[in-house]
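Enquirer: Here you go, one structure.
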Amino acid sequence: MTTKIKKLFKKCPFLILLVSTGLLFSLIGLYGQKNVYAGQEYDPLKEPALAVMFKGWKQDIYPWQIFDRESMQVMASGEGNAGGEDVMDQEDPEAPKDTDAALTAEDEAQSSGEAEESGNPGSGDPEEGTDADADGAEADHEAQERPQPDSGSGQGNVPDEGNASEESNVPETGSVPEGDNGSEESPAPGEGDASRESKEPLPPIEPLRESTREEYLNHISADIYGDAGVKRAAEYEFTQVDESYFDDALFIGDSRTVGLRDYTDLSEHADFYCETSLTIQKMLEENFPGLGTIEEALAKKEYGKIYIMLGINELGVGTTEDFMEKYTEGVAFLREKEPEAKIFIQGIMRVTGKKNSTDAIFNNSNINARNNAIATLADNEHIFYIDVNEVVCDEEGNLNSEYTFDQLHLLGVYDDLWKQFLLSHGVVTEE
Amino acid sequence: MAGFSELGFLFRLLPVFLIIYFAVPARHRESILLLESFIFYAFGEPVFVLLLIGTTALNYYLGEKIWKPGGVPCIYDRQIRRRKVFLRCAVGMDVGILAVFKCLSVFVDSALLPLGLSFYIFKMISYQIDMYRQEISDKPGWRQTALYFMLFPQVSSGPIMRYAEGGFGSGRQRSLKGLEDGLKYFTAGLGMKVLLADRLAILWNDLQMIGFQSISTPLAWLGAAGFSLQLYFDFWGYSLMASGLMVMLGYPFILNFNDPYASRSISEFYRRWHVTLGKWFRNYIYIPLGGSRCDKKRMVLNLAIVWLLTGIWHGSGMNYLLWGGVVGLLIILEKTVYGKYLQKIPVLGNVYVLLLIPLTWVVFAVTDLGQLGIYFGRLFPILGGAGIAVNRQDIARYLQSYSIYFIAGVSLCIPAMNRFWIKHKDHPLVVILLVIVFWMSVYMQSNSAGNPFMYLKF
């Protein structure tokens, strides 16, 4: 038998090696779905099992981790959580563990205790949203109690925090402004305008509802905040500034910001920490070639303005809540390291109408939903929300197709529109 | 699932095809392969598969009337005339079908161009003319004819093999050696396509994204070079995969690219680039028109006809016609004016090819003539192509990101390098390298499946 195999191996070593490694990778893919790859969507009809291993690899989940004790613990904790929601779990065992696996991928050293926590509502688990009618009722109830985002007058209301943290899927939301104002006290209710004049930071806006499971499964970013945040942020009166304004500015972004850096003269003034395919998840970990991490940048220089435009690459990944949570953390980090800096949250630039109507993920309704979420972080004191879509979109609100070749990025020539927009949206405080 | 580099083909369709093909007795092998080819094509073109079957049946019927065993002269005039009539019918029908669908795809909807039509129709024309010229000695049965037209490795993008090159009809023998060798060619092709061509495609996409008016002159040249390599590895990779599959199935290896970038003239380049297409035009258009064995004027006309047709064959845009015209003109100039100097003076020919071919590829790549003008303005700013919002440092950034692909690509353009790989293809280190190339390609494909932006992250 062995001589036969030896003979065969001698005759066609390449074939044997490919077949055997292929089988091994398939086994890893299949076995790993119980633990390390549990977070991946896998459709056996669409792709072979070994693709799971390679997809995991891309997310820094390596095949040998299927034997890791930690991964097993995460798996165990995932199952533990599922105990309370066994109905959902049986329907689709993959989805609920998604966040767990993603967290594992990001932070291998995560303790099992944290993993258990992540199974709680705090992780924005999508199954929560559809967990029977009771939850929906709660959400409605909540929405009624909360300030109505569309009516400007209610903006000053201090939300019932206890209520939010118990029932809301995203207790972290708005924690930045909260944390910052903790000592300063929130503004008095019903005095939105007054609060702006007195430079008091605005209170956080709570989501109207939770993302539903259907939205999550279909990669739809739920518009859970409405346009309250956007409207409120737009009330701030920005100032026209000149280029020297950007001398102490830091830009963080993806390939679109790379375009701003490369095809305008802003990089002669500001520092750019941007890279193709950057996401809000990777923002703080990223080691920018030749520059280092953002944390190092903040340690090296004192920045007066920090601009962020991120979010297009992670469309279709996780829920609006997940995105918002990461964004909130990111902004909180920047605030902590650079308390004096003004942070400009830039709305994600939209895509053209053609792309919008043909792409299930990279479309403007998903972009708008996420912009509506991050706009609520603006307190018009330290954190501002600005939206370049005002100057690059057509009447229908899609990216103007004349400004782009690939439906996504501004042509180099048109990056100047963005620069001019930034120049007209300066924040100058008298000190 | 028409792409050989797709996971569904690599890990589902292909293994099943091979196992069945190797399991059945030799006499059934052609039938099985025909069935598999039908399934493969139907996956890609569930509707137009009927067109393939219809044209196959008609061509078989007409071919039967045309066929005459090799070496047997036609004695009667009537017989000769009868065969000629059928040949005209067959070729007229094939050309007509190609023309109709090409027009439909241009004027109505691009989705109306059936997968591989240009390739299989060219095979059908070749089949009929070879039948008429008595270059096919054994009369093809319906199974062999259908298989020749439909063979799944070749149906979608060639190579445009001639019937006699396929060695049809002789019962295929199982051969592990063939399987092993074919798999190696296939893997080399897969690597070229996925690891080189698909990566370099991002560079070209980036240039379009930035807008040609804003790229620096060095970047414009880098882009032209990158596109030249991208096109080469995309098509050579595909051809290698196709020929590798043919070898796996026990058929001969069909050479489609023969180190074209080492050529010393444009005419030599096109004898080495897409060899089977070049031979097709030579055998069925150029030589029947009189080729070069006639007076100079006639030869120039012949070349012009061949190259305009080649341009039309490649695509419907005006730029393809322009491309065919430019290449044709260069070849005419070589044949009539300066060709001999290129051969005599060392290196001159190579420099000439490496300088001009990328420029012709730019014409090939940019379908909008206005944009083409802008691109040439950036390539030659002296002609008045001032850029707008040009970033002078862009070249450094792109060189940094892409130099590895350029180094790998250029090294694979050196003939000695290719001879080295082929000579040592059984060496354990080469085998291991190929295993790595295979799985790296699968890694890339796994992370791009279902995501149209696979290599176009923002």
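Enquirer: Excluding residue B:313 itself, what net charge comes from residues whose Cβ is under 15 Å from its Cβ, given Lys and Arg +1 and Asp and Glu -1? Please report the intermediate quantities before stating the final value.
Expert: On the way: positive: B:102, B:123, B:279, B:282; negative: B:94.
Net local charge, residue B:313 excluded: +3.
Enquirer: For the range A:287-373, which GluC sites (Glu not before Pro) pass both filters: DSSP loop (anything but H, G, I, E, B) and at most 12 other C-beta atoms within 10 Å?
Expert: Those that pass, being in a loop and sparsely packed, are A:302, A:340.
Enquirer: Take the alpha carbon atoms of the range B:17-48, find their center, do the same for the range B:376-421, and report the distance between the two centers in whole angstrom.
Expert: 43 Å
Enquirer: What's the FRET efficiency of residue B:23 with residue B:53 using the Cβ-Cβ distance as r and R₀ = 30 Å, to the nearest 0.05?
Expert: Once rounded, the FRET efficiency stands at 0.70.
Enquirer: Within the range B:41-122, report the chymotrypsin sites (Phe, Trp or Tyr not before Pro) that DSSP leaves as loop and that have at most 14 other Cβ atoms within 10 Å.
Expert: Answer in residue order: B:76.
Enquirer: Using only Cα atoms, what is the ratio of the radius of gyration of the range B:52-161 to 2.2 N^0.38 Å?
Expert: 1.13
Enquirer: While we're on this one: Within 10 Å of each Cβ in peptide A:10-17, how many partner chain Cβ atoms are there on average? Round it to a whole number, please.
Expert: Other-chain Cβ atoms within 10 Å of each residue's Cβ, averaged: 6.
Enquirer: List the pair-distance distribution P(r) of the range B:174-243, using every Cα-Cα distance, as the percent of pairs falling in each 10 Å bin from 0 up to the bin containing the longest distance, rounded to whole percents.
Expert: 22, 36, 22, 13, 6, 1
Enquirer: Here is a further query. Is the range B:1-88 rounded, prolate or oblate when judged by the Cα gyration tensor, a ≥ b ≥ c being the square roots of its eigenvalues, rounded requiring a/c under 1.5 and prolate requiring a/b larger than b/c?
Expert: Prolate shape, in that a/c is at least 1.5 and a/b is the bigger ratio.
Enquirer: Less than 30 Å apart at the alpha-carbon level, and either on another chain or at least 8 residues along: which lysines does that give for residue A:11?
Expert: Cα-Cα hits under 30 Å: B:177, B:184, B:193, B:423, B:425.
Enquirer: Apply 1/(1 + (r/R0)^6) to the Cβ-Cβ distance of residue A:68 and residue A:284, taking R0 = 22 Å, and write down the FRET efficiency to the nearest 0.05. Kindly include the intermediate steps, with their values, before the conclusion.
Expert: Numbers: r = 24 Å, r/R0 = 1.11.
Between residue A:68 and residue A:284 the formula returns 0.35.
Enquirer: Next question. Checking the cross-link filter: which lysines have an alpha carbon closer than 21 Å to that of residue B:102, excluding same-chain neighbours under 8 positions apart?
Expert: B:123
Enquirer: State the dimensionless ratio Rg/Rh of the range A:219-423 (Rg: radius of gyration of Cα atoms; Rh: Kirkwood radius). Write out the running numbers ahead of the final one.
Expert: Numbers: Rg = 15.7 Å, Rh = 17.0 Å.
We get a ratio of 0.93 for the range A:219-423.
Enquirer: State the extension gain, in nm to one decimal, for the chain segment bounded by residue B:142 and residue B:367, taking 0.36 nm per residue of separation less the distance between their alpha-carbons.
Expert: Value of the extension gain: 76.9 nm.
Enquirer: Oh, and also: How far apart, in nm, are the 7 Å Cα→Cβ label points at residue A:17 and residue B:436?
Expert: 1.0 nm
Enquirer: Continuing with the same structure: Just tell me how shielded A:45-52 is by partners: mean number of partner chain Cβ atoms within 10 Å of each residue's Cβ, no decimals. Could the numbers behind the result be given before it?
Expert: Working: counts 2, 4, 9, 9, 1, 7, 9, 1.
The per-residue average across the peptide is 5.
Enquirer: Ranked highest first by average number of other Cβ atoms within 10 Å, how do A:417-426, A:19-28, B:221-230 line up?
Expert: Top of the packing list down: B:221-230, A:417-426, A:19-28.
Enquirer: Next up: Over chain B, what is the relative contact order in whole percent, taking alpha-carbon pairs under 8 Å and six or more residues apart?
Expert: Relative contact order comes out at 17 percent.
Enquirer: State, as an integer percentage, the relative contact order of the range B:179-446 based on alpha-carbon contacts under 8 Å between residues 6 or more apart.
Expert: Relative CO of the range B:179-446 lands at 29 percent.
Enquirer: How far is it, in nm, from the label point at residue A:217 to the one at residue A:235 when both lie 7 Å from their Cα along the line to the Cβ?
Expert: It works out to 4.1 nm between the two label points.
Enquirer: What spacing in nm lies between the two simple spin-label points modelled at residue A:401 and residue B:297, each 7 Å away from Cα in the Cβ direction?
Expert: In this crude spin-label approximation the distance works out to 5.0 nm.
Enquirer: Which residues make up the longest stretch of chain B that has no trypsin sites (Lys or Arg not before Pro) in a DSSP loop with at most 12 other Cβ atoms within 10 Å?
Expert: Result, exposed sites excluded: B:1-292.
Enquirer: For residue A:58, list the lysines whose Cα falls under 16 Å from its own Cα; do not include residues on the same chain fewer than 8 positions away.
Expert: Hits, sequence-local ones excluded: A:282, B:457.
Each value in this text was obtained by applying a stated rule to the coordinates, not by laboratory testing. Here the structure is a predicted model, which is why all the values come from computation and not from measurement. For neighbour counting, all protein chains shown are included, and Cβ atoms are generated from backbone atoms with ideal geometry for every residue, glycine included.
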